[in-house]
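For reference, the structure is listed below as structure tokens.
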């Protein structure tokens, strides 16, 4: 019981820190507004008002649905293709060594470079959005998974072998659980990049979606609309990312406990 | 190394054959040899020099400023734990934020020139430098700090002779990320909206269905970015070896 109190206090402290952070960011935003004026910015509170208004307008939700259809598909493909590739590359040292530098080099190339290629291959509509999301998101998932699998402590695998586990059993019961925290980090980074990729792609060639709304607002130079859309996108990205961080902490916390138990 | 070259060479060869046989239509992709020929022709005309200069000046400015600001900010934040606790959630979610959403805002604020894309690249890379600096400072062995105190070194001497060198491997990781992120920031911004730069030329070629120029530019960017990465990697390895860390 005595453990609960400090834990809760810490959590309250964290919430307080986040509120403080939001207030500070709001103040910086307000200061920018004082300098730049209505031409460039809307003040924070007014923007929240616009955002609420936008959410209740009829043309908003179909666009959200369009973005999430593309994002969801892209996530399925990124994770579905990225995890097995990473696991295989991580387990096979030769393939991993051959592929990793190429993957890392590709990872640091600006992905917009491939955007025209994707449009030429997939045309306009849902397909290029999904493809561009995948191009952005799949690499970190593969790279993190490969590294995580390649760096599972040999002693775990030896123990598994000593217990008579072979092949897929070894991978499934030992290697993947041991690598899970790092794999999840890769998935989190991958999901963020997939989201950014989907939005960017919608900005150039789409008929619906949040990115499409954003570029329309830019072309109409509607500052309140740009600001409130940006705010909504940021809030969404932050919430999803925070949720994934919480999952990550849970998983790695469990791993740490297991290790402590083993040590004891 | 040989295997890697073989895999890469095989891939290029396969692409060449597929394009030449017409399995991949010319409208979608041109053969790699045609890309290379297009690139040579494009570089010969010299019309690209201005854009190359603009892009790499912007990248260099962004890298320089984000490394200097990032390392200093990292040291300040590390010194004040209260500030760090408040900023931690920001650092954790920062790279989930689509930073390009701010690009139109910066164009309105600074005008359609080099500054907005440098600002985007700076914002995109500075947090990576800060986070890696914090990581490095966290890992300075306590015994070295005690040693510095035993020798009665002042804060400045401790910082330059003990703390920074021992945090350096992490700071170098930050610099590497800053280079990659600045390239991404500048080229992507140019692709969205700019009046010059390689990214701008890319988007111009793409909008004009000028496939030869388009693929020549893609090839150029791939070669440039890979070369820069290799050079930075080699530089990192040399430094680490000199400090006897590997």
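Quick note: the coordinates plus some simple rules give every number you see, no bench work behind them. Model, not experiment: these values are computed from the prediction. Note that each Cβ is placed from the backbone with ideal geometry, even for glycine, and that neighbours are counted across all protein chains shown.
Couple of notes before you dig in:
- Computed over chain A, relative contact order equals 25 percent, with contacts defined as Cα pairs under 8 Å that lie 6+ residues apart.
- Cα Rg, Dmax (largest Cα-Cα span) when computed across chain A, Å: 22.4, 70
- Residues A:14, B:139, A:225 in ascending order of nearby Cβ atoms (within 10 Å, fewest first): B:139, A:14, A:225.
- Residue order for A:249, A:212, fewest other beta carbons within 10 angstrom first, comes to A:249, A:212.
- Residue-averaged 222 nm ellipticity for chain A, from DSSP H runs of 4+ at -39500 (n - 2.57), nearest 500: -28500 deg cm²/dmol
- Sorted by Cβ neighbour density within 10 Å, fewest at the top, the residues A:227, B:153, B:29, A:55: A:55, B:153, B:29, A:227
- Distance between the pseudo-spin-label points of residue A:249 and residue B:234 (7 Å out from Cα toward the beta carbon): 4.4 nm.
- Paramagnetic label zone (point 7 Å from Cα along Cα-to-C-beta, residue B:168; backbone N under 13 Å) in the range B:130-146: none
- Kirkwood Rh in Å, taken over the range A:111-159 so that all alpha-carbon pairs contribute: 13.0 Å
- Scaled to the globular estimate 2.2 N^0.38 Å, the Cα spread of the protein assembly as shown, given as radius of gyration, is 1.04.
- Pair residue B:82, residue A:221: separation of 7 Å Cα→Cβ label points (nm): 4.5 nm
- Spin-label model, residue B:113 to residue B:243: label points 7 Å out along the Cα-to-beta-carbon direction sit 3.9 nm apart.
- Kirkwood-based shape ratio for the range B:50-242, expressed as Rg/Rh from alpha carbons: 1.06
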